[in-house]
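First up is the structure itself, then whatever we jot down about it.
The values are calculated or read from the model by the stated rules, or taken from the named source; none is laboratory data. Everything numeric here is computed off the predicted structure, so don't read it as measured data. Note that we place each Cβ from the backbone using ideal geometry, even for glycine, and neighbour counts take in every protein chain shown. The protein model used for the area step is the full one, side chains on, heavy atoms only, and it has no ligands, DNA or RNA in it. Shrake-Rupley method; radii C 1.70, N 1.55, O 1.52, S 1.80 Å.
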Amino acid sequence: MKKTGVGEFEEMVLLTICVLDNSAYAFSIKTEVEARTNRKLNISAIHTTLYRMEDKGLLTSEMGESNSIRGGKRKRMFSVTPFGIKSLSEIKVTRSKLWEDIPAMILKDLKS
């Protein structure tokens, strides 16, 4: 399988979908990312990212059940594919190795 580059925002969205598990739809993802990053997001940025990651094979989606709260409108539910999990794992390993290789002197101010 080919490697697919995952940007920082895509990584954040993928991780958030994992955290939300069976409750990951665009608005819940937006809300969770905003809460964890303390930044305001546009829902269209979330949609664009979700569909791009689905095209890359990192996500799958399916329509959820309709409910009266949404006026009968169904939610598109997202889940991370095995390829998405593998990509996240590779990112984690790479980041950990980079952090380990930073000289202690550079990080001294972070420890105080």
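Quick rundown of the values:
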{"quantity": "Where labels lie 7 Å past Cα in the beta-carbon direction, separation of Arg74 and Ile91 in nm", "calculated": "2.9 nm"}
{"quantity": "Volume in Å³ per residue [convex hull over Cα atoms, computed for the chain]", "calculated": "130 Å³"}
{"quantity": "Total lysine pairs under 12 Å (Cα atoms) in the chain, excluding pairs fewer than 8 apart on one chain", "calculated": "5"}
{"quantity": "Net charge of Cβ neighbours under 12 Å - reference Leu41; Lys, Arg +1; Asp, Glu -1", "calculated": "+2"}
{"quantity": "The chain - percent of accessible surface contributed by carbon and sulfur, probe 1.4 Å", "calculated": "55 percent"}
{"quantity": "Net charge of Cβ neighbours under 13 Å - reference Leu15; Lys, Arg +1; Asp, Glu -1", "calculated": "-2"}
{"quantity": "Within the chain, longest stretch clear of exposed trypsin sites (Lys or Arg not before Pro) (DSSP loop, no more than 12 other Cβ within 10 Å)", "calculated": "74-112"}
{"quantity": "Cα long-axis angle, helix 82-101 against the chain (0 to 90 degrees, to the nearest 10)", "calculated": "20 degrees"}
